[in-house]
1. Among the strands (runs of 3 or more DSSP E) lying completely within segment 81-144, list those that include at least 3 residues that are more than 18 Å from Ser59 (Cβ to Cβ).
2. What residue, among those in segment 192-236 that are part of a loop (DSSP other than H, G, I, E, B) and surrounded by 23 or more Cβ atoms within 10 Å (Cβ to Cβ), is farthest from the ligand (Cβ to nearest atom)?
3. Tell me, yes or no, whether segment 28-44 has at least one residue that is open to solvent by less than 10 Å² (accessible area, probe 1.4 Å), in contact (Cβ under 8 Å) with a residue 24 or more places away in the chain and not hydroxyl-bearing (Ser, Thr, Tyr).
4. Tally up the residues in segment 239-249 that are open to solvent by 10 Å² or more (accessible area, probe 1.4 Å) and either farther than 18 Å from Ala178 by Cα or in a helix (DSSP H, G or I) (or both), please.
5. Name the residues in segment 94-136 that are open to solvent by 30 Å² or more (accessible area, probe 1.4 Å), in contact with a Ser or Thr (Cβ under 8 Å, 6 or more places away or on another chain) and either modelled with pLDDT of 95 or more or among the charged types (D, E, K, R) (or both), would you?
Amino acid sequence: MGEIIFGGSTCQSLAREVAGEVGCGLGKLTIKWFPDGERYVRIESDVKGKDCIVIQSTSRPQDANIMELLQLLDTLKENGAANVVTVVPYFGYGRQDKVFNPGENVPSKTIAKHIELNSDAFYTINVHQKHIMDFFKIPATELDASPILGEYFKTYKLESPVVIGPDEGAERLAKGVAKVIGCPFDYLQKTRLGPGKVETKPKNIDAKGKNIIIVDDIIDSGGTMAEAMKMLQSRGAASILMGTVHPVLTGNIIARLFSDGAADIVATNTINSQISYLTVSALIAEALRASQ
Ligand code: R5P
């Protein structure tokens, strides 16, 4: 088991929770921001010969948080850490996951190459596309937070619940959530028209009188959730609840989704936000324990 857990600036409380659950010490470090946004990192714990775990999401400001992660990993190895495990609860830059036009960069691949330089194993949670895990040449594991969302929505004891993914990519998340609740699931057909603009086509989903839980890996502009809700409301849904793993949340989208009729919107703490009520600490701790 890793002896010291270090929380990057995006995951300070989460790292403390995981350290508590795993029974590890919490590493001491100083992270400062220079006025221009550049990061200063200093590891103050003695890491020589120790197994270390770093937890850091690459959420906004992505570039500085990625750089901070790479600084942490490099510094741990420079200071003699025996083994470094990297946990990135939210792995940003996942949406450009392949080359669509010749000459394009695949940023998640670029980041993977840099993480593995100073890391012996990698974990993330509900990555945007499964094949991103293949970009890593070190052991890389994707953890699934759908049971956490499922357990939360189960407490509602809804009548006639149905879990809906707003697009095909959300099907596996919808399936995982529905499995815990013990209810049906399906997904909608979404076409992205541009950033923050999507078109959701009706599918053969019977929404009338149903309490619908829409789940997606990411809520960013909220356009996807808003369109899905509109379509399901127009088909007679009794209520709409929403869940996401990664609350990227650009602008005031949560207020807008509530005012458009969402009865609840909940997320995990892979990214800290106003709706991050569910913790992924046990999921990470269990994976770390199992790897020993
Ligand atoms: C895209 O395929 C993702 O799964 C999400 O549906 C998307 O990132 C959500 O973005 P937005 O909230 O901007 O519609």
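1. Numbers: elements: 83-88, 121-125, 140-143.
Qualifying strands (runs of 3 or more DSSP E): 83-88.
2. So the first thing to find is which residues in segment 192-236 are part of a loop (DSSP other than H, G, I, E, B), and the list is 195-196, 202-210, 220-222, 235-236.
Subsequent filtering for residues that are surrounded by 23 or more Cβ atoms within 10 Å (Cβ to Cβ) retains 210, 222.
Values: Lys210: 21, Gly222: 5 Å.
By that ranking, first place goes to Lys210.
3. no
4. Initially, segment 239-249 is screened for residues open to solvent by 10 Å² or more (accessible area, probe 1.4 Å), giving 239, 248-249.
Applying the additional criterion that residues be either farther than 18 Å from Ala178 by Cα or in a helix (DSSP H, G or I) (or both) yields 248-249.
Here the count works out to 2.
5. The answer is Phe135, and nothing else.
The values are calculated or read from the model by the stated rules, or taken from the named source; none is laboratory data. Every value quoted in this text rests on a predicted model; they were computed, and no experiment measured them. All Cβ positions, glycine included, derive from the backbone under ideal geometry; neighbour counts span all protein chains shown. Accessible surface is based on the protein model in full, side chains and every heavy atom, while ligands, DNA and RNA are left aside. Shrake-Rupley method; radii C 1.70, N 1.55, O 1.52, S 1.80 Å.
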